[in-house]
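Only the coordinates and a few stated rules stand behind these numbers; no lab work does. Because the structure is a prediction, the values reported are computed rather than measured. We place every Cβ from the backbone using ideal geometry, glycine too, and count neighbours over all the protein chains shown.
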Amino acid sequence: MTTVTSKRSNRVMIRVKDLSKTFKVHKKLPGLKNSLIGLFKREYIIKEALQKVSFHVEAGEILGLVGANGAGKTTLVKILSGIMEPDSGSAEILGYTPWQRKHNYKKQISLLMGQKAQLWWDLPAEDCFVLLKEIYEIPLSRYNNTLQYLVEKLGVQKQLNIQIRRLSLGERMKMELIASLLHEPKIVFLDEPTIGLDLTAQRAIREFILEYRRSHRPAMILTSHYMEDIQQLCKRLAIMREGQIIYNGSLEGLQENRKQSKSLVFILKEPLKETKYLESLGIQPTFENLLKVKVIVPKESALDIASDLLKIWPVMDLSMSDDDLGSVIESVMRMKTP
Amino acid sequence: MRWFFHVLSIELRKTISYRLDFWLNLIGSVLSQFAVSYFLWKSIFEYNNVAEIRGYTFPAMIFYFFTAPFIEKATLGDGETGLSREIYDGGLSKLLLYPISTFGYKFAQSLAGTFIYITQYLLGLLIYVLFIGSLESFSIGAQSIFLFLLLILLARVISFLLQVTLESVAFWADNVWSLMVMLPF
């Protein structure tokens, strides 16, 4: 694999073109009879996890990757980190093809999976870090400096010698971050780094990621279901649906949509019996519970629709606001045809 | 290759991180192994009122029946390396990301188990010398100890290779438990 040579290419650290991946999974039909049949004959489904995905990420950039569960985000991250091989397409990261799994490539990347602990459960964090120092062949002085920097920034000095399993979820995630960044990777994949954390811990992790991006300028890909993560960390966003990227552009561009729509939240006296009126307008309501309904409508017709719904529905309370980012992404995922 | 010894050391530290479990396991397995062979063969020798059975004296018989299970454990480990489980639950991803040999890492992990079993065996030997008889009749020297350890290491390598070969089937078939059960046969 050749190294990247042009001036523009030097800035682009991750370049992905037409990446596709399918999985063959067997159908598991319910019941004992079907289980017995399955012993001799199986039906398979081809699931297209990725379909011609293309994008690039530059140095110092954090690309937000969002989409519903099963949209293909984790598959994409696994392919780019070299764990999985795609069926077709190409990816060039730091001049390497990830799935060739070259030693020098692995030394320059990092993958943090919020849902999977990477550290050794029964050991204190410092023991884990020493092992990682050996695995990544980090010189002692560099290891000490980096560890000190990361520990100070994340405020976990006192927790270094406590067993990982005895740490709180937030502290554990901070240790996972240190473990991921100890070898100062040029490419960082963050797969839901704030999942399950309380608001304070989420904020601390976000502030740290921003600080790390400023000081080290790695190319980062962040997947998250928390819109706060995306809004505060990413300037660019790729929205995935059923293995395809259906939006790849700036967050501001997406927020233009936000200004063009309004969010109506109705508190009802009793559950709704029908939503024909909205269906006739092609609008899909979102039920937060039986008595709370959210409707995203075009800004210019918001008052008319609200007025009509007040007449039809048993409304107790109504609030109107600019559409939030999550709803905009949701509507892009629902409406836009790739 | 320094990472290899660190993985080995980490695995040993994991084993000794729970004191009660470590001591119970260490003493319990040695004592139970020892007590079973001692009382079983003591009753057989006394019932038959003989000094030897097929050329084995009572101390030699105890020595053999005490030694064999530990050698088996030291060479076979727990019967699997955990690779198939990691393939199944996705834990293997972590190892694949590291710039080291995945099989090398797994081997270092399994070698830690061998160290633990050898330690248990040495403790058992001490009990044997204190309560049953000396080791003089077995003509144990530096050379035989070296060969003993070398053979255990090589046997561990062979059993590890067999185990990971079978466990790798988990890449195609999720569950390989029955294959692993068949391995000792």
Report summary line: If A:I221, A:I283, B:I62 are placed from fewest to most neighbouring beta carbons inside 10 Å, the sequence is A:I283, B:I62, A:I221
Report summary line: Under a Gaussian network model of chain B whose springs join Cα atoms within less than 10 Å, the largest fluctuation of B:F58, B:F131, B:F103 belongs to B:F131
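Need one value for A:119-127: mean number of C-beta atoms belonging to other chains within 10 Å of its residues' C-beta atoms.
Average neighbour count from other chains, rounded to a whole number: 3.
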Report task. Please label the shape of the stretch A:243-290 as rounded, prolate or oblate, based on the square roots a ≥ b ≥ c of the eigenvalues of the alpha-carbon gyration tensor (a/c under 1.5 means rounded; beyond that, a/b larger than b/c means prolate, else oblate). Result -> prolate
Report task. Over the whole of A:133-146, what's the average partner chain Cβ count within 10 Å per residue? Rounded to a whole number, please. Result -> 2
Query raised in the report: From the square roots a ≥ b ≥ c of the eigenvalues of the alpha-carbon gyration tensor of the stretch A:1-147, which class results: rounded (a/c under 1.5), prolate (a/b over b/c), or oblate?
Result: oblate
Query raised in the report: Counting other C-beta atoms within 10 Å, which of B:F65, A:F23 has the fewest, and how do the rest follow?
Result: A:F23, B:F65
Report summary line: Row for the stretch B:50-125, column shape: gyration tensor on C-alpha, a ≥ b ≥ c, rounded if a/c < 1.5 i.e. under 1.5, prolate if a/b over b/c, else oblate; value prolate
Report summary line: When A:K299, A:K158, A:K41, B:K73 are ranked with the fewest other C-beta atoms within 10 Å first, the list becomes A:K41, A:K158, A:K299, B:K73
Requested in this report: Set the Förster distance to 45 Å, then compute FRET efficiency between A:E270 and A:D198 from the Cβ-Cβ distance, nearest 0.05.
Outcome: 0.80
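R0 = 56 Å: FRET efficiency of A:S307 with B:K42, Cβ-based, nearest 0.05?
So the FRET efficiency works out to roughly 0.05.
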Report task. Give me the net charge of B:I152's neighbourhood, meaning all other residues with Cβ under 12 Å from the Cβ of B:I152; Lys, Arg count +1, Asp, Glu -1. Result -> +1
Report summary line: Eigenvalues of the alpha-carbon gyration tensor of the stretch A:261-334, times 5 and square-rooted, give semi-axes in Å, largest first, of 18, 13, 12
Query raised in the report: Where Lys and Arg each count +1 and Asp and Glu each count -1, what net charge lies around A:Y212 among other residues with Cβ under 14 Å from its Cβ?
Result: +1
Query raised in the report: Debye sum, Cα scatterers, the stretch B:2-181, no solvent: what log₁₀ I/I(0) at q = 0.08, 0.15 1/Å?
Result: -0.34, -0.97
Requested in this report: Putting +1 on Lys and Arg Cβ atoms and -1 on Asp and Glu Cβ atoms, find which of A:V332, B:I140, B:L24 reaches farthest to the positive end of the dipole of the protein assembly as shown.
Outcome: A:V332
Query raised in the report: Can you tell which of A:T200, A:I230, A:A219 lies farthest toward the positive end of the dipole of the stretch A:188-233, using +1 and -1 charges on the Cβ of basic and acidic side chains (Lys, Arg; Asp, Glu)?
Result: A:A219
Query - Sites B:V50 and B:L161 - FRET efficiency at Förster radius 41 Å, r taken between beta-carbons, to 0.05 - result: 0.40
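Any idea what the dipole of the protein assembly as shown comes to, in debye rounded to 20, about its Cα centre with Lys/Arg Cβ at +1 and Asp/Glu Cβ at -1? Mind showing how you got there, number by number?
On the way: 61 positive and 51 negative charges, 205 e Å.
Roughly 980 debye for the protein assembly as shown.
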**Report entry** DSSP H segments from chain B that extend 15 Å or more along their own axis, Cα-based, with Kyte-Doolittle mean of 1.0 or above
**Finding:** B:58-76, B:102-131, B:142-167
Requested in this report: With unit charges on the beta carbon (Lys/Arg positive, Asp/Glu negative), name the residue among B:T102, B:G77, B:V36 whose Cα is farthest towards the positive pole of the charge dipole of chain B.
Outcome: B:T102
Report task. About the Cα centre of the stretch A:57-210, how large is the charge dipole given +1 on each Lys and Arg Cβ and -1 on each Asp and Glu Cβ? Please answer in debye to the nearest 20. Result -> 180
**Report entry** Estimated dipole of the stretch B:2-181 in Debye, rounded to 20 [Cβ of Lys and Arg +1, of Asp and Glu -1, Cα centre]
**Finding:** 380
Query raised in the report: Near A:E48, within a Cβ-to-Cβ distance under 15 Å, what is the net charge of the other residues, with Lys and Arg +1 and Asp and Glu -1?
Result: +3
Query raised in the report: So what's the protein assembly as shown giving for Cα Rg divided by 2.2 N^0.38 Å, two decimals?
Result: 1.29
Query raised in the report: When you look at the Cβ of every residue in B:87-99, what mean number of other chain Cβ atoms sits within 10 Å?
Result: 5
